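What follows is a single structure, written as structure tokens, with notes after it.
The values are calculated or read from the model by the stated rules, or taken from the named source; none is laboratory data. Every value quoted in this text rests on a predicted model; they were computed, and no experiment measured them. For neighbour counting, all protein chains shown are included, and Cβ atoms are generated from backbone atoms with ideal geometry for every residue, glycine included. To get the accessible areas, we keep the full protein, side chains included, count just its heavy atoms, and leave off ligands, DNA and RNA. Shrake-Rupley method; radii C 1.70, N 1.55, O 1.52, S 1.80 Å.
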Amino acid sequence: MANVARFPEGFLWGVATAAYQIEGAWNEDGKGVSIWDTFSHTQGKIADGSTGDIACDHYHRWREDIALMKELGVKAYRFSIAWTRIIPQGSGPVNPKGLDFYDRLVDGLLEAGIKPFITLYHWDLPQALQDIGGWANRDVAYYFADYAAVVAHRLGDRVKHWMTHNEPWVVAWVGYAWGHHAPGIKNTKVALQVAHHLLLSHGLAVEVLKDLGDAETKVGIVLNLSPVHPATESDEDKAAAHRNDGYHNRWFLDPIFVGSYPADMWEWFGQLVPEVKPGDMSIISRRIDFLGVNYYTRSVVKHDPQGGLLQLRGVHVEGSEYTEMGWEVYPDGLYELLVRLHRDYKIPEIYITENGAAFKDEVTPDGKVHDERRLNYLREHFLRAHKAIQDGVPLKGYFVWSLMDNFEWAHGYTKRFGIVYVDYETQKRIIKDSGYWYQKVIAENGVPL
Ligand code: JJW
């Protein structure tokens, strides 16, 4: 019998998605317009000119998609709720049909023996709230907490795992400083204020979710984190790497787990730093039950005086494998990151809430998708997670991004991350080789060596 890297009993193998990327039904059953509806409907914003109007049509095919997860044997499903289905204008009247959809979904999952993990904000802000400034407006943090209360009130009896935000770094920087994502704003100072309001809204929602929950209710946040390595051992490059770590990782980790922004970055940002009101940092650092980690790659950086705000640039690593996203395949970074999080921050539990890779997939004449590179990517990362657990990291579960190919934001449908292939013409789903392999990993609770 082949040897297996066995995971702890009860380890939660899962898959992840997000509402805008899979649901479609963008204007059905009373749903309001979100900033991603607006953004994708604007010429030139999405690489292939596509939208999430239909996406994977999951809004109508959720039963089939639950059956698919059941076939894979997944123990948990991380998905997000579209704020605009629940409260179409962001604040004010609740749309019962929106709540009904997620209510049925949760019941369907539980019936299939799959634990629901809910992300409350996965980037699809109600357009009505963008019209008052979006996350740059402090009031939106309070509207978010109100929305969290509405959802928790309806689903909290059955849903025990909640994530407030997904990747606030991406929301703030890609959405508000670079403008590649909705709402398409390009203003660095605003981006830092947005990041602060996202953190504030997180803390406010933590209180609401814990108050409305029971002893089993666990609340966390999802951050996209990457170890940062200097391109050379020069002092300049090492300082650049530390800056990038401060900007990308510590700017979010420190407020949440320490209760303050990192002093070196606060100084570096100078006049760009956000307005922080008295009491904000203690709200932001309210104790959470788990951290969700989205890990895809590391970053390797070089000092560069022409390199903008941070005076650095990313470098390509000769000889490394890269995915279709242009991200280096670097499994050791997952181990390094997990060990560091456990060492530097008091984090009760950690989940990998996203890990996976985009590669060019094709359906071969045998009707299958032989995605050997994705399978290898997952295996190598699973093994690093296994090693981290052996070294004492309280890693409790692992969600592969993604259950199925979907709308990859500004890249539209051009990047396929799924372990299930989606033929967007017919909406047919085909389990890829990586999906069948994952099915075996889950069944054995371990990675065959
Ligand atoms: C950076 C864009 C320059 C998603 C970024 C854009 C700048 C040409 C995958 N995680 O689809 C990072 N993902 O929804 C959440 N992670 O800069 C889930 N990070 O463009 C997945 C996107 C990302 C990014 C995307």
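Accessible area per residue for the chain, computed on protein heavy atoms with a 1.4 Å probe, is 38 Å².
Just the protein heavy atoms count here, and of the accessible area of the range 214-290 at 1.4 Å, carbon and sulfur take up 51 percent.
Relative to the current alpha-carbon distance between GLN390 and HIS153, full extension at 0.36 nm per residue lengthens the span by 81.5 nm.
Our estimate of slack between ARG63 and TRP268, defined as 0.36 nm per intervening residue step minus the Cα-Cα distance, is 68.8 nm. Distance between the 7 Å Cα→Cβ label points at VAL339 and THR42: 4.4 nm.
Based on the alpha-carbon gyration tensor of the range 241-320 and its eigenvalue square roots a ≥ b ≥ c, which shape applies: rounded if a/c is under 1.5, prolate if not and a/b is larger than b/c, or oblate? Here the range 241-320 falls in the oblate category. Convex hull volume per residue, computed on the Cα atoms of the range 1-132, equals 145 Å³.
Ranked from largest to smallest solvent-accessible area, with a 1.4 Å probe on the protein heavy atoms, LYS160, LYS387 come out as LYS387, LYS160.
With a Förster radius of 35 Å applied to the C-beta separation of TRP178 and GLU372, the computed FRET efficiency comes to 0.55. The shape of the range 336-411 can be summarised by an equivalent ellipsoid whose semi-axes, obtained from the alpha carbon gyration tensor, come to 30, 14, 9 Å from longest to shortest. Take the Kirkwood radius over Cα pairs of the chain, plug it into Stokes-Einstein at 10 °C and 1.306 mPa s, and you get 72 µm²/s for translational diffusion.
Using R0 = 22 Å, the C-beta based FRET efficiency linking ALA112 and GLU444 works out to 0.65. Compactness check for the range 169-266: Cα Rg over 2.2 N^0.38 Å is 1.26. With the simple model of a label 7 Å out from the Cα in the direction of the Cβ, TYR424 to LYS238 spans 4.7 nm. For the range 373-449, with all protein chains present and a 1.4 Å probe, just round the carbon and sulfur fraction of the accessible area to a whole percent. In the range 373-449, the share of accessible area belonging to carbon and sulfur is 48 percent.
For the range 377-425, the set of GluC sites (Glu not before Pro) satisfying both a DSSP loop assignment and a count of at most 14 other C-beta atoms within 10 Å is given as GLU425. With R₀ fixed at 41 Å, the C-beta to C-beta distance from VAL258 to ASP53 puts the FRET efficiency at about 0.45. Potential lengthening of the chain between SER282 and ASP29 amounts to 87.2 nm, from the contour at 0.36 nm per residue minus the alpha-carbon distance. Taking every C-alpha pair closer than 8 Å and separated by at least 6 residues, the mean separation divided by the residue count of the range 355-420 gives a relative contact order of 36 percent.
Considering only beta bridges that DSSP places wholly inside the chain, some 25 percent are antiparallel. Mind scanning LYS218/LYS346; LYS31/LYS115; LYS277/LYS396; LYS70/LYS432; LYS360/LYS428 and naming the pairs with a C-alpha gap bigger than 23 Å? Violating the 23 Å Cα-Cα cut-off are LYS31/LYS115; LYS277/LYS396.
Picking from LEU109, VAL329, VAL174, whose Cα lies most toward the positive end of the charge dipole for the range 4-448 (charges on Cβ: Lys, Arg +1; Asp, Glu -1)? The Cα lying farthest towards the positive end belongs to LEU109.
Take the Cα of ASN3, go 7 Å toward its beta carbon, and the backbone nitrogen atoms of the range 420-449 under 17 Å from that spot belong to 446-449.
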